[in-house]
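Visitor: Sharing a structure below in structure tokens format, with a few things to ask.
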Amino acid sequence: MIPAALAGRRLAVVDVEGNGGQPPEIVEIAILHLDQPVKPEHVTTWLIRPQSPITPLVTRKVHGISNADVTDCPTWSQVADQVTEALSDRVLIAHNASVEHRVLSAHLPTWQPSLVLDTLRLAKHLRPGSTSGYGLDRLIDDVQLDTHQYPGQRHRAGYDTWMTAQLLFTLVSHADLDWPELVRVAAMPGFERQEEGLW
């Protein structure tokens, strides 16, 4: 169940997976809107064929997406308008959100969210001194999230988006945060001065 602090707000949880290039090209993106019933089937995902091949290392060590998997997929230019519409006028939420924000900003030069919330910053604030670290996988285990709700695999965009949303709900609920407190502790640097009434 979505915590009261988040209810009725235009929020989009996002995860992107890249091709291993520098800078990375997006090969998969998932978006989950939180102003609707939050169900696994409401996670929207796109597989994307990058201009440069996916490196074998990132296929093997990270997301498992191969060049063969994206051969017949649309290019970024073919999905950019859909992604822009899905993100438009929404607060961006991600784990280690600076990565998603940087990559999306490079792919969508005219898009700029007014607020970015980072579940990594939130976890560090609420669980200081963790010896197991703050990676998404570690936090999923530490707070004992149900990993069987979403029919996907770790490090794929859909799965990571779903689990980031569940982590957000759990952390906000357990700490009984209200919206201003959440913004104060989880906003990405440069976004922390957003006014409460803006959203």
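Visitor: Being surrounded by 17 or more Cβ atoms within 10 Å (Cβ to Cβ) and not in a helix (DSSP H, G or I) is the filter here; which residues of segment 111-126 pass it?
Guide: Answer for segment 111-126, where residues must be surrounded by 17 or more Cβ atoms within 10 Å (Cβ to Cβ) and not in a helix (DSSP H, G or I): Pro113, Leu115, Val116, Leu117, Asp118.
Visitor: Next question. Test of understanding: among Val70, Val62, Val27, which residue is closer than 19 Å to Gly152 by Cα, open to solvent by 60 Å² or more (accessible area, probe 1.4 Å) and of a type in the set (A, V, I, L, M)? Show your work before the answer.
Guide: Values: Val70 fails: open to solvent by 60 Å² or more (accessible area, probe 1.4 Å); Val27 fails: open to solvent by 60 Å² or more (accessible area, probe 1.4 Å).
None of the others qualify; the one that does is Val62.
Visitor: Something else: Among the candidates Leu11, Leu32, which residue alone is buried (at least 18 other Cβ atoms within 10 Å of the Cβ) and either aromatic (Phe, Trp, Tyr) or out of contact with any helix residue (DSSP H, G or I) (no Cβ under 6 Å at 6 or more places or on another chain) (or both)?
Guide: Numbers: Leu32 fails: either aromatic (Phe, Trp, Tyr) or out of contact with any helix residue (DSSP H, G or I) (no Cβ under 6 Å at 6 or more places or on another chain) (or both).
Result: Leu11 is the single residue among Leu11, Leu32 that is buried (at least 18 other Cβ atoms within 10 Å of the Cβ) and either aromatic (Phe, Trp, Tyr) or out of contact with any helix residue (DSSP H, G or I) (no Cβ under 6 Å at 6 or more places or on another chain) (or both).
Visitor: Sticking with this structure for a sec: Starting from segment 117-137, take each residue that is touching a residue at least 60 places away in the same chain (Cβ under 8 Å) and list its partners that are assigned to a loop (DSSP other than H, G, I, E, B) and open to solvent by 40 Å² or more (accessible area, probe 1.4 Å), counting only C-beta distances under 8 angstrom and pairs at least six apart or across chains.
Guide: That search, which allows pairs on different chains as well, returns Asp118/Asn96.
Visitor: A follow-up question, please. Can you confirm whether segment 166-186 contains a residue that is within 21 Å of Val62 (Cα to Cα), modelled with pLDDT of 95 or more and touching a strand residue (DSSP E or B) at 6+ places or on another chain (Cβ under 9 Å)?
Guide: no
Visitor: Taking only segment 84-101 into account, find how many residues are in contact with a Leu (Cβ under 9 Å, 6 or more places away or on another chain) and buried (at least 16 other Cβ atoms within 10 Å of the Cβ).
Guide: 11
Visitor: What about Asp81, is it within 15 Å of Ser105 (Cα to Cα), of a type in the set (Asp, Glu) and either without any contact (Cβ under 8 Å) to a residue 40 or more places away in the chain or open to solvent by 30 Å² or more (accessible area, probe 1.4 Å) (or both)?
Guide: Values: within 15 Å of Ser105 (Cα to Cα): yes; of a type in the set (Asp, Glu): yes; either without any contact (Cβ under 8 Å) to a residue 40 or more places away in the chain or open to solvent by 30 Å² or more (accessible area, probe 1.4 Å) (or both): yes.
Answer is yes for this residue.
Visitor: Quick check: is even one residue across segment 127-148 modelled with pLDDT of 95 or more, within 28 Å of Thr59 (Cβ to Cβ), crowded, with 21+ Cβ neighbours inside 10 Å and of a type outside the set (A, V, I, L, M)?
Guide: For segment 127-148, residues modelled with pLDDT of 95 or more, within 28 Å of Thr59 (Cβ to Cβ), crowded, with 21+ Cβ neighbours inside 10 Å and of a type outside the set (A, V, I, L, M): absent.
Visitor: Now for a separate question. What's the number of the condition Gly152 fails, among (1) open to solvent by 80 Å² or more (accessible area, probe 1.4 Å); (2) in a loop (DSSP other than H, G, I, E, B); (3) touching a Phe, Trp or Tyr at 6+ places or on another chain (Cβ under 8 Å); (4) without any contact (Cβ under 8 Å) to a residue 60 or more places away in the chain?
Guide: (1) is the only condition that Gly152 fails.
Visitor: Scanning segment 51-68 for residues that are in contact with a helix residue (DSSP H, G or I) (Cβ under 7 Å, 6 or more places away or on another chain) and not polar (S, T, N, Q), which turns out farthest from Glu17 (Cα to Cα)? It would help to see each step written out before you state the result.
Guide: Of all residues in segment 51-68, those in contact with a helix residue (DSSP H, G or I) (Cβ under 7 Å, 6 or more places away or on another chain) come to 53-54, 65-66.
Then drop every residue that is not not polar (S, T, N, Q), which leaves 53-54, 65.
Details: Pro53: 13, Ile54: 10, Ile65: 9 Å.
So, considering only residues that are in contact with a helix residue (DSSP H, G or I) (Cβ under 7 Å, 6 or more places away or on another chain) and not polar (S, T, N, Q), the one farthest from Glu17 (Cα to Cα) is Pro53.
The values are calculated or read from the model by the stated rules, or taken from the named source; none is laboratory data. Here the structure is a predicted model, which means the values were calculated and not measured. Don't worry about glycine lacking a Cβ; one is built from the backbone with ideal geometry, like all the others, and counts go over all protein chains shown. We work out accessible area using only protein heavy atoms, side chains counted, and drop any ligands, DNA or RNA first. Shrake-Rupley method; radii C 1.70, N 1.55, O 1.52, S 1.80 Å.
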